[in-house]
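A quick write-up on the structure given underneath.
The values are calculated or read from the model by the stated rules, or taken from the named source; none is laboratory data. Being a predicted model, the structure only gives us computed values, none of them experimental. So basically every Cβ, Gly included, is an ideal-geometry build from the backbone, and we count neighbours across all protein chains shown.
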Number of protein chains: 4
Amino acid sequence: MRVAVVGASGYTGLELVRILLRHPIFELVAVTSEQRAGQPVGDAFPALRGQLDLSFERADPTTLAPKVDLAFTALPHVASAPMVRALRAAGVPVADLSADFRLRSLDTYRTWYGEHPAPELLETAVYGIPELHREALRAAGLVAVAGCYPTSALLPLVPFLRAGLLEPGSVVIDAKSGVSGAGRKLEAGYLFSELDENCMAYKVGEHRHAPEIEQEASAAAGTEVCVTFVPHLIPVTRGIATSVFARPRRPLATADARAVLAEAYAQERFVRVLPAGATPNLASVRGTNFCDVAAFSDERTQTLVLLSTLDNLVKGASGQAVQCANLMRGLPEELGLLEVAMLP
Amino acid sequence: MRVAVVGASGYTGLELVRILLRHPIFELVAVTSEQRAGQPVGDAFPALRGQLDLSFERADPTTLAPKVDLAFTALPHVASAPMVRALRAAGVPVADLSADFRLRSLDTYRTWYGEHPAPELLETAVYGIPELHREALRAAGLVAVAGCYPTSALLPLVPFLRAGLLEPGSVVIDAKSGVSGAGRKLEAGYLFSELDENCMAYKVGEHRHAPEIEQEASAAAGTEVCVTFVPHLIPVTRGIATSVFARPRRPLATADARAVLAEAYAQERFVRVLPAGATPNLASVRGTNFCDVAAFSDERTQTLVLLSTLDNLVKGASGQAVQCANLMRGLPEELGLLEVAMLP
Amino acid sequence: MRVAVVGASGYTGLELVRILLRHPIFELVAVTSEQRAGQPVGDAFPALRGQLDLSFERADPTTLAPKVDLAFTALPHVASAPMVRALRAAGVPVADLSADFRLRSLDTYRTWYGEHPAPELLETAVYGIPELHREALRAAGLVAVAGCYPTSALLPLVPFLRAGLLEPGSVVIDAKSGVSGAGRKLEAGYLFSELDENCMAYKVGEHRHAPEIEQEASAAAGTEVCVTFVPHLIPVTRGIATSVFARPRRPLATADARAVLAEAYAQERFVRVLPAGATPNLASVRGTNFCDVAAFSDERTQTLVLLSTLDNLVKGASGQAVQCANLMRGLPEELGLLEVAMLP
Amino acid sequence: MRVAVVGASGYTGLELVRILLRHPIFELVAVTSEQRAGQPVGDAFPALRGQLDLSFERADPTTLAPKVDLAFTALPHVASAPMVRALRAAGVPVADLSADFRLRSLDTYRTWYGEHPAPELLETAVYGIPELHREALRAAGLVAVAGCYPTSALLPLVPFLRAGLLEPGSVVIDAKSGVSGAGRKLEAGYLFSELDENCMAYKVGEHRHAPEIEQEASAAAGTEVCVTFVPHLIPVTRGIATSVFARPRRPLATADARAVLAEAYAQERFVRVLPAGATPNLASVRGTNFCDVAAFSDERTQTLVLLSTLDNLVKGASGQAVQCANLMRGLPEELGLLEVAMLP
């Protein structure tokens, strides 16, 4: 089954390449990059020398469409939507990693990203977290692969919201992200010398992933859920460690909280509910499609503490995209995604 | 004014040495270490070659007492109390960096650390955060220098508690600490290969600093305050970045929240209230005695977000100890403590 | 084909597990660890949860031998030899990752490691760098998988020595290694706080890998080659970057030097000779079995500069062991070893 | 004594500010930055909040000259020379941190940097390593503060060259530098995600510091010395660890080699010759003006191994500039420079 990666020279694009190269069914037949068009992939990225025999090409939907059975689009928001529209018009199923089709409300999109370039497609897009929307994904022609922070917050949180166990106004999310989440953006703040041995919160209460979390949290709760979202940068390349705090509607013991997760994810391959007492860490999920989760309850303060870790470029982006694409094409969901984390 | 550092070969002990070497009044006359007794300091720690001309000696209160005007004790908890007792009995003022004299309740101490080795001294000990207890510190003979996490949480939090602005049961603390907080402990989890590129929560709801935070928060609020405390390790050597979340009793705008901090710390040299919109980072406080703080209010969810950063070995330990000792000896509080952070 | 990893809880043992789990022919049927015997692997190492269904067992050659077609031994030197002897006596082919069978001279072994525990096996052991000893490895019953530093130095150096291009007394090796090379050793020097932002040479002229390099270099040159070997620790977990300096016997242009490597490794899958001007880096080989090499000639000073990078736990240990084992069992050499490096 | 830092917002400029703020005689009265002119320093760099009360101004020699007794210029090469010319014309002593006045040969300058903007000043400039050129520095009006790599290589090497102990064509330098050496340059290669866990050689045989090393090495040897120079980037922010390899003219024992260094630097405050067997590390010199050095001799291969570490922004730039300026103004050389390294 032939696939293309549109926007393959960014961090999520390259991660797609890495995953697709070991995928047993998807065959990577085209990679695009405006900047590097014409360049063999191995020349541009020495790590890929000897691993694939493709050159970057310009992203042209007309030439791409006939030669692929599915496309992954990993372009920046706003730039992605027109490309997606063209590919969909040509009948190509698309897993889109940008933010363009994640928000169901055009108003919310406008607030955070500006005018929507392809509003007519919003209705057809399915939000891409397979553990939460599996059936819809099987039938989807366009998947809006979920953001990294939202995935890390929603996976531990949704089972509690669905069960109506939480006060909807009480959700606080403190997330710590590796630097690759910013992509290859050339800003002084992302230089090694500025970030090593450093850590800081940023965009307190004004990060673009907050409305995405609220949309899905509200859908799960069946009522409006607002969240306080405080993202941090930590000096690691890959990984997000998220703490979610919320007030249960009625007293909840740690064992019961853990049972909620254990039951919700009993059949899931990629969400690992840790044993009682254990806390998730980044090293165990780095390079993998796993999301490790744990639940604790502080009964004195009636606070539920949910912890999760994932690799922002895999389960938070490209791995999840392939997981969605497997579903879209009727393949076993875990194909190409069972890599083992490096230790150490 | 002659001072000694008892337990000078650990991380907080060495940091005391570093600070005292540039202190204009305190003269470092003795450093102790059981393991390294007899060894010139510069032989044991090459970084100190050519910087001081002392050898480690065994910690003997009888020989130490006559030659110092103040002692810093930087021993592990339980080990510290007997040494403090002997020095106090000999009339030596002591700034103690262990946890032995921080908790006012013997029961609480017993729960977390075991039987108290010198309970009779508890009454006389003053909790060592100068910004919160300055007057008492001026008169103190024994100071229990505050822990690193408690300092990072209490400095932003106490002004709000004192003003009665918060629901006492609503305080959640998510703290990210550098690895030096664990000292030179030989456990596999602290090896470079295990921690680099890693991050994890630990001791959720069961960290020894929680009761210390609750004691001081309750005193500030005038009512019992319980906190949910979730500490994390991040791959930096020095620094703690703390987020405190709480529910205000009545709606609070970000500007008002910031004003609470600005007013409380207007005269303080070591607590910097950041300009509106700015968030504290570790790099700006590393190696210094500063604690940078900021406040944000998420009015939609009625959540107050307080952020702080400090260097766990300086404002979280040895710098704060010197700040306390300056007060104990009637010196200007900032002596020896105005180091500028390295950029980058 | 059933295989076991003896000593599977150390860093090289775990890396073997990681590689073997995706190997299409080798089936991992037993993992041993004295300390963790009885523990499910996923309990001991959360990263492996959901990835394999084995528990650690004690290393007992009698029970192991009947159930495996090949064993990887990843025990410390001196401890390894008796285990290898027992397995070989039971007819099990062994790829040994320790230093016990790498040195052909008992005297040299004695100098560096003490009395040899199984000297009778030395004759039969084949030194395990497939690019240098492929044919012998196909017939081997016992392979002494090469050390990490030796592999990184010998791969770029040997083609020049074989061609008689270098002054034998002129070889200088400056190597920079990640910290995982020390294993999970509990020494203060390997703590995160001691190594982060740090770098140092160590064991100048007295590292155990020097005689191993000299043995193989001399064999390649057909004359005795002594090397000056200066290893360094750098603050990365995985990877070795090595610079080799040597004096050519006659003037050598950079293009000619590069051609020597290009010709030597034209057919090799795992040694990548970089394009002219490019220098190898660690990121491109991390997690992979590749060794990237480059050659430069400083004609003014008549100095040849050879550069290489590899992952010390893969091409420098466990990946190379699997490569050797593939040869021993008559399988395609690259099976299980074509992982793509993570970018970034 | 009033001083200015011209180009104060780059890494070496900020480091000058940090050092000058604790200097007992130099008073920092002006800091310039074209980009940040008008901005209070503490607003631009939060780490400096509460530490100084200056705003950045544009660099105007006419207004600067009357108000300072000495200027530090920390501008990029080529940009620096015209500013230095103007300040010198107005009679201001200048310590210049750029490369503009380090090379004595206009031809060499042209080869590496282009046409020289102020060739008439070359004759008057003194190369700024106090341990090598102290007397000339006392009389200098213009000091060309030495580069970071040259300082790290020359300090261990020059005593051997002066004594005529080395083959002049045999010098090889393998240096490992922290990333701050590149300044705040916005290139993808300096992003955190690209450099963390990475390491690579770069500009093999074509780094601009090579001719600077050769100039000073030749002067010390009294004959032309060519060096093979291979710089590396390692994932630390500050610090250079350098290994120098050379062939002695006659056999040299390690003890004799160490004695050469010990004798040369017996009276030096900032060059620490380590005890026999010890190797220098970055942590011991970080943030300080020290250069730690050690010598080893591999008698089998007749190779001398010299090791050094220093902080590229202090002894490799701004600390050395202040050391030079102290000499220029007749002050004790170590004023403001005795900071103790942070441990850890």
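Taken over the stretch C:260-276, the criterion of being farther than 21 Å from D:V230 by Cα, surrounded by fewer than 20 Cβ atoms within 10 Å (Cβ to Cβ) and either among the aliphatic types (A, V, I, L, M) or not assigned by TED's automatic domain parsing to the domain that holds C:T303 (or both) is satisfied by C:A262, C:A266. Yes or no: A:A294 out of contact with any helix residue (DSSP H, G or I) (no Cβ under 6 Å at 6 or more places or on another chain) and away from chain B (no Cβ under 14 Å)? Judged against the criteria, A:A294 is not a match.
For the stretch A:25-53, a residue qualifies if it is part of a loop (DSSP other than H, G, I, E, B) and either farther than 28 Å from C:L310 by Cβ or of a type in the set (D, E) (or both), and the qualifying residues are A:I25, A:F26, A:S33, A:E34, A:Q35, A:A37, A:G38, A:D53. Within the stretch B:183-217, the set of residues being in contact with a Leu (Cβ under 8 Å, 6 or more places away or on another chain) and hydrophobic (A, V, I, L, M, F, W, C) comprises B:L186, B:A188, B:L191, B:F192, B:L195, B:C199, B:M200, B:A201, B:V204, B:I213, B:A217. When the stretch D:318-333 is filtered for residues that are within 13 Å of chain B (Cβ to nearest Cβ) and within 30 Å of D:L166 (Cβ to Cβ), only D:G319 remains.
The set of residues in the stretch B:259-313 being more than 16 Å from the chain's Cα centre (by Cα), touching a residue at least 40 places away in the same chain (Cβ under 8 Å) and assigned to a loop (DSSP other than H, G, I, E, B) consists of B:Y265, B:E268, B:R269, B:A283, B:S284, B:E299, B:Q302. Filtering the stretch B:63-79 to residues that are assigned to a helix (DSSP H, G or I) and free of Cβ contacts under 8 Å to residues at least 60 places away in the same chain leaves B:T63, B:A65, B:P66. Condition first: within 19 Å of the chain's Cα centre (by Cα) and in the same structural domain as B:F245 (by TED's automatic domain parsing). Can you find one or more residues in the stretch B:332-340 that meet it? Scanning the stretch B:332-340 turns up no residue that is within 19 Å of the chain's Cα centre (by Cα) and in the same structural domain as B:F245 (by TED's automatic domain parsing). Might you let me know whether the stretch A:70-81 holds any residue that is surrounded by fewer than 21 Cβ atoms within 10 Å (Cβ to Cβ) and more than 20 Å from the chain's Cα centre (by Cα)? No, because not a single residue in the stretch A:70-81 is surrounded by fewer than 21 Cβ atoms within 10 Å (Cβ to Cβ) and more than 20 Å from the chain's Cα centre (by Cα). Pairs are defined by a Cβ separation below 7 Å, a sequence spacing of at least 6 or placement on different chains, a first member in the stretch B:14-33 that is under 20 Å from B:L327 (Cβ atoms), and a second member that is crowded, with 17+ Cβ neighbours inside 10 Å and hydroxyl-bearing (S, T, Y); the pairs so defined are B:E15/B:S318; B:L16/B:S318; B:I19/B:S318.
With respect to C:R104, determine if the residue is among the basic types (K, R), touching a residue at least 60 places away in the same chain (Cβ under 8 Å) and in a loop (DSSP other than H, G, I, E, B). Taking the combined requirement at face value, the residue satisfies it. Does the stretch C:60-67 contain at least one residue that is touching a strand residue (DSSP E or B) at 6+ places or on another chain (Cβ under 8 Å) and surrounded by 24 or more Cβ atoms within 10 Å (Cβ to Cβ)? Checked the stretch C:60-67: no residue is touching a strand residue (DSSP E or B) at 6+ places or on another chain (Cβ under 8 Å) and surrounded by 24 or more Cβ atoms within 10 Å (Cβ to Cβ).
Which of the residues that make up the stretch C:181-235 are more than 20 Å from the chain's Cα centre (by Cα), among the polar types (S, T, N, Q) and within 12 Å of chain D (Cβ to nearest Cβ)? Of everything in the stretch C:181-235, those that are more than 20 Å from the chain's Cα centre (by Cα), among the polar types (S, T, N, Q) and within 12 Å of chain D (Cβ to nearest Cβ) turn out to be C:S193, C:N198. Considering every residue within the stretch B:248-258, establish whether at least one is at pLDDT 95 or above and within 24 Å of the chain's Cα centre (by Cα). Yes, the conditions are met somewhere in the stretch B:248-258. Answer yes or no as to whether C:A59 is in contact with a Cys (Cβ under 6 Å, 6 or more places away or on another chain), modelled with pLDDT of 95 or more and not basic (K, R). So C:A59 does not fit the description; no.
Among the candidates D:T279, D:T254, the residue that is in contact with a strand residue (DSSP E or B) (Cβ under 8 Å, 6 or more places away or on another chain), surrounded by fewer than 23 Cβ atoms within 10 Å (Cβ to Cβ), closer than 25 Å to D:E167 by Cα and at the interface with chain C (Cβ under 7 Å from one of its Cβ atoms) is uniquely D:T279.
Could you please give the count of residues in the stretch D:6-30 that are more than 13 Å from every other protein chain (Cβ to nearest Cβ) and either in contact with a strand residue (DSSP E or B) (Cβ under 8 Å, 6 or more places away or on another chain) or more than 28 Å from B:H23 (Cβ to Cβ) (or both)? Of the residues in the stretch D:6-30, 6 are more than 13 Å from every other protein chain (Cβ to nearest Cβ) and either in contact with a strand residue (DSSP E or B) (Cβ under 8 Å, 6 or more places away or on another chain) or more than 28 Å from B:H23 (Cβ to Cβ) (or both). Residues being within 11 Å of chain C (Cβ to nearest Cβ), of a type outside the set (A, V, I, L, M, F, W, C) and without any contact (Cβ under 8 Å) to a residue 60 or more places away in the chain are represented in the stretch D:162-174 by at least one member.
This table checks each residue for (1) crowded, with 24+ Cβ neighbours inside 10 Å; (2) of a type in the set (A, V, I, L, M, F, W, C).
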position: B:D107; (1), (2): no, no
position: B:A118; (1), (2): no, yes
position: B:L132; (1), (2): no, yes
position: B:T151; (1), (2): yes, no
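On the given criteria, is D:P159 surrounded by 19 or more Cβ atoms within 10 Å (Cβ to Cβ), in contact with a His (Cβ under 9 Å, 6 or more places away or on another chain) and either among the hydrophobic types (A, V, I, L, M, F, W, C) or under 24 Å from D:V273 (Cβ atoms) (or both)? It is false that D:P159 is surrounded by 19 or more Cβ atoms within 10 Å (Cβ to Cβ), in contact with a His (Cβ under 9 Å, 6 or more places away or on another chain) and either among the hydrophobic types (A, V, I, L, M, F, W, C) or under 24 Å from D:V273 (Cβ atoms) (or both).
Taken together, C:E263, C:E339 contain a single residue that is away from chain D (no Cβ under 14 Å) and at pLDDT below 95, which is C:E339.
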